[in-house]
Structures are given as C-alpha cells and as structure tokens.
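Written out below as structure tokens is the structure these notes cover.
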Amino acid sequence: MHSHHSSRRDFLRGMGVGAAAWAAQGCLRTGVWAADSKPVAANHELVELSEHLAIYRGPINVGIIRDGTKALLIDCGDGRVQPLLDALNVSHVEGILFTHHHRDQACGAQAFVNRGARLTVPARERDYFEKVTDYWNNPATRWHLYNFHPHHLMLAEPVPVAAVASDGQTITWGPARIQVLDTPGHTDGSVSYLVEVDGKRRVFCGDTIYDAGQLWELYSLQKGTTTTDYHGFLGARPQLISSLRKIDALHPDQLIPSHGQIMHDPSGAIKALVSRLDQCYDKYVAISALRHYFPKMFTEYAGRKDHMAIRAGKPAPACLRHFGTSWVLVSKDKAAFVMDCGGSNVIKQLQQLRDKADIHAVEGLWITHYHDDHVDAVPEFQKTFDCPCITDRHVAEVITDPLAWRLPCVSPSKARVDRQTRDGESWDWREFRLTAYHFPGQTRYHAALGVESGDLRMLFVGDSFTMSGIDDYCAQNRNWLGTDVGFDHCLALLDKLRPTHIFNCHVGQAFEFTADECRFMRANLAEREKLFGQLFPWDHANYGMDGSWIRCYPYEQKSIAGNPIAFDVVVTNHSAVPKKCVCRAVPPQAWRNRNSDWISIEASPKAEAQARVTLMTPADVAPGRYVIPIDITYGDRDLPQFTEAIIVIS
C-alpha cells in the first residue's frame, strides 16, 4: 500500500507541467469538460499534502479529501480540477463544501452536480447559490447602489443545494473530521473549514487571507456601520480581523486560502495581515472627508497629531444659493447657472426664486458627477428649464447612457448633455469666467468647475472634498492611487489654482486648503500607494482596490431572440509595463452554444484597452434577463468569470 501511494505521487510529480497544462486546458460548458485552445497559465499544479489530502492550485485552491476512489472537495472553482481527479483515480466526487458564494469559487459546480455531487454551502448564503435569478432580476441590485452585500460576483445561474454549513457544525467524511467556523469579512456569510486528517490540522479559510500580510482584494470589505456600505471603506475590517483571530485560536498547522499561498506559519501570517490592515486604515482616516460627516465613526482617532486637522468653514459669497446637493450661481442681473439637480425640490426652489423675481431665468446646468443624488431630477429639470446642460466628457459618458454602466449610486435617469467639455476649457457667462476640469477624485467620472470674478476664485468640486479631507470612502467609485491620477491629480490642481473658496455639493459652507495641507494629503496618498501595494499580490495597489479594472461596455443591453449581440471587454492596465489579457464570453446554458472565441487585448502601461466580443442569441431563447460572465487570463493569472455583461431578451 505504501509503495503504491509513493509510485502514484512520483507519477503525478513526474507529470509536472503536463498535468498542469491538461488541467488548465479544461473548460466548463453545460456540465462537461472539454479541451479548448486557451493559452495555458503557468500557475496550475497538484500538491499532495498527505495521503488523503491534496490541493489543486489553479485559479483558486481546491481542497481534495480522498477516500479510495471517492472525494470530497472544498470549493471547486471553474471545474478544471476534474482531469487531475481522474489522474488521482478519483471516480466520484460525493460533495463540495463551499467557503463562500463568489462566482470564481463555484462556477464549475453544476458540472459536478450533473455527475452526482451534493453541494454544501454557508448557511447565510444559501440563496446566493439557489436563488441567484432573484438577485439579477431585482432592480435594487442594479440601480441606486449604496449597498454591496452580496457583491455582484454572483453565480450567473442557480445550482441546487443539498445542505448548509453552520458555525460549530462537525462533518465526518471518510478519514477526515471537519469543523465549520463562521468567518465573515470577505462576505457576510463566509465560512472556513478546519480539516483534521492524517494527523494534521489545516484550515481552508476562503478569502480571509491570501498570504502573510496580504489579501486578494479590498473592495469586498466595503461595508457600512453608521450608514450604508457606500460610506464603509474597509468597514468589514473588524469582522475580518475577528475571523482571523478565531482561526488563529485553533492553532492550525497550515492555512489554505481560496486565492494565494499555503501558509505554514498561520499565526505569523495572520499577525502580519492584521498589522497591515491597521496601518492602511489609519492612513485612510488621516485625511478622510467622512470625519466631517460622521465624526462619531472616528472617535478613537480624535486629536491625532499625525492626522490632518479639520478645517473651519467660511460663508459662501452672496452670488450663491444652496439647495440640497445643488449650488446656484446668480449673476448681477439675476440670471441663474445651476450645478447638479438630484431632486424635484431644487426645481421648486428655482421656480420660487423666479416667482419672487430673485432670478429671471435659468441659463445653464453643470453636472459635477453621475451619482443619483446629483442627477436623478435632471430629465425633469430639462423639461422645466430650456437651457444647455454642460459637463466633462467622462461624466457625460455615464449620464447619457446609464444602462451601459454598473457603478455605485448609478441612476437610471437619462440626461441630455448639450456640451461636453475638455479639461481646462474656459468660457464666459455673465460677469464670471468658467473653467471645466476633469476631476477624478471621489469617482473617476467626475468634474470640477472653476468660477472666477474679481477677487473670487471659486472651485466647485462635487463630492470630492470636505473640510476634513478627501471623499475616498467608497472603493467601488474607482478613486485610484498613483502620481497624477485620482485624488493626487485633484490635489495638484488645487495647489496650482489656489481657490479662495472650495465648495462641496453637500456642504453649505465654503472651505480652503493651504499649500501645506495639499502637500500633506499628497504625501499620505503616496505612502498609501506603497502600503496598499504591499497588501495585495498584484504589482500595483489599484488592482486590489478597483473592482472595475476589467469591465464590460455596455454593461447591459437589450436584444431580440435570434439577433447578434456585441460588447467590449475593457481592461485598465494599472501596471507600469504592458500587459496582455485574453478573454472570452460564457453564454447561459439555455443558449446551447459554445463559449466565444478567445480574444487577445494588448494594454499599454497605465492605460485602458478593449476588444469586441460577439455572440448570437438563439432564435428560440425565452425572453428574460441573462448574465454573460467573462473568463479572463491576465498575464499569468487565470480569472474565471471575473466580470459580466447583462443581456435582456424581449
């Protein structure tokens, strides 16, 4: 028996790259595995930890507990573990234990179910496996997005669940004893599994950790405490740290994450991650605009000398009115130029000003950014007042076609933009000189408007700053780190323009920043780029912070059965070197057609690139809403079903 086991291990080790290539070339399609022509990533291998436990190291780590020719898996990824199961003489997978519901963990599950496997999922996430159609059909998970739990990395189609895993539950299977631990953080319902087999204690910990001091990504930790998830940058950090300490208290021999490295010093790895998370959060708080809105969230940081002091406000000049999230510029001859319109009340206030002869006309509308509380009432505004709508082209892309985008706080209201501005473009309106700026602070799709008259140098920055710093409290907003991008670009502009008054749309007072404060904030961001860069296993921090670095455009479109559809896969290369991306679409099983061809995208450093994907909708497909996941290979990383597009068949 011993010699047979050794020879099998030697055989698999001898297969080396060949076994990896075989596994990497498998693809999931309607419940079968088949070869395709996808380039093989280099990071696929089988690791035998002991006689009854192996790890398939593919796009995610899949645990393989063996008992003769039977196996129990922990997670399954996209199913490419199957050829190596055959090589291990495993003829039947009895079940799969899932750590959490994200699509890359479970998109291969249906194929195993078709071959007789029973799925066990976290108790709090059962609906995210069985009832995903409810999620994708719910307008609340598509529009006005202020909450991100569950994350939209949901399965595209439901799978049947046989059982649930709950905290403290013990599962005995073959030679293994398995204890379930609730370990929320990465998702609200994440669980880990303590597996005791062959004299060792190992914890399969999902995405609670990637490696010593590292996480796979950060945007899943966006979670609200005082308000919604939208205001909860690293809000799940306390939950995650509690879960890590719960795992550490079990004194496991090894940690096996979903993404990442097998850790042989679990306590040291956890300690390093907790320390780094604390450092990163401290740097965030030091210049956070949220301290102005919700000071009670940060009482433990109050009075810190190494944090930027909160500026005092000052009165707005007499030429301005403030309603809701709108600023109104009023000229000497009582014309009005409006910035943003998030609600009908703004329109009523303008009508009242006109009725009282405080203004005689509304002559323009400027949009600072796409968020719903700034654009919801724009269509009504445009029906009420006959005036041009002006904004930066990045903002215009979203508000003129919101169906094409999936972003936080996105509104289905479709605006008409009469003039798309270039960065730095100026024009005169009444006694004021107006200058438009691309202002990628709070979100990439953001603009600022400079207004000058006499000694006044006013800058309307949307939601990008308050008296306490920068509005970067929502990772999903795509506020990037780096020199001359994101808030660093905005702060450099502030330092150059030296406005006498800065205006936030939500704050009724003006404020300003000194040159020293601008330098302090830019230094903080530069240090953050390094600290957050160390937190992730990527070559730049933005990969772990920007959940939309690979996206589909348009995100959603309507079609008719039997018609072709097309969309672009857009890649943001955050690296300092060129990157190659290979992608394909995975149609719904009901469409009965194969995955699309693999398409290559060459992305220049610090730039976006895209490629067109085309599919044919079957003539007999039922009307409905369909999710089209996208498989990605980026450099040497396989990212199965990493993003998605939505097709609505009518």
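The values are calculated or read from the model by the stated rules, or taken from the named source; none is laboratory data. This structure is a prediction, so every number in the text was calculated from the model and none was measured. Backbone-built Cβ (ideal geometry, glycine too); neighbour counts: all protein chains shown.
One residue stands out in the range 499-509 among those that are under 32 Å from the mean Cα position of the chain (by Cα), closer than 21 Å to R433 by Cα and not polar (S, T, N, Q): the one that is surrounded by the most Cβ atoms within 10 Å (Cβ to Cβ), namely F503. Number of residues in the range 518-575 that are over 20 Å from A289 (Cα atoms), among the polar types (S, T, N, Q) and touching a helix residue (DSSP H, G or I) at 6+ places or on another chain (Cβ under 9 Å) equals 6. Among the residues in the range 72-93, are any assigned by TED's automatic domain parsing to the domain that holds L194, within 23 Å of the chain's Cα centre (by Cα) and assigned to a helix (DSSP H, G or I)? Taking every residue of the range 72-93 in turn, none turns out to be assigned by TED's automatic domain parsing to the domain that holds L194, within 23 Å of the chain's Cα centre (by Cα) and assigned to a helix (DSSP H, G or I). A single member of I390, I359, I347 is β-branched (V, I, T) and part of a helix (DSSP H, G or I), and it is I347. Of the residues making up the range 288-335, just one is among the charged types (D, E, K, R), assigned to a helix (DSSP H, G or I) and at pLDDT 95 or above, namely R291.
Where strands (runs of 3 or more DSSP E) fall wholly inside the range 415-459, the ranges with 2 or more residues that are within 17 Å of N479 (Cβ to Cβ) are 432-438, 447-453. Being within 23 Å of C280 (Cβ to Cβ) and in contact with a strand residue (DSSP E or B) (Cβ under 6 Å, 6 or more places away or on another chain) holds for only one residue in P537, P564, and it is P537. Taken together, the residues in the range 393-414 that are charged (D, E, K, R) and part of a loop (DSSP other than H, G, I, E, B) amount to 3. Could we say that N524 is under 24 Å from H152 (Cα atoms) and surrounded by 14 or more Cβ atoms within 10 Å (Cβ to Cβ) here? For N524, the condition - under 24 Å from H152 (Cα atoms) and surrounded by 14 or more Cβ atoms within 10 Å (Cβ to Cβ) - is not met.
Selection of first residues in the range 235-255 that are closer than 16 Å to L277 by Cβ and free of Cβ contacts under 8 Å to residues at least 12 places away in the same chain and of second residues that are in a loop (DSSP other than H, G, I, E, B) and hydrophobic (A, V, I, L, M, F, W, C), restricted to Cβ pairs under 8 Å at least 6 apart or on distinct chains, gives an empty result.
So that you can scan it fast, the table gives a plain yes or no per residue for (1) crowded, with 18+ Cβ neighbours inside 10 Å; (2) within 30 Å of D67 (Cβ to Cβ); (3) in contact with a Ser or Thr (Cβ under 7 Å, 6 or more places away or on another chain):
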| residue | (1), (2), (3) |
| --- | --- |
| F204 | yes, yes, yes |
| T226 | no, no, no |
| D253 | no, yes, no |
| P266 | yes, yes, no |
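Put simply, of H144, H149, H102 the only residue that is out of contact with any strand residue (DSSP E or B) (no Cβ under 7 Å at 6 or more places or on another chain), on the phi > 0 side of the Ramachandran plot and not aromatic (F, W, Y) is H144.
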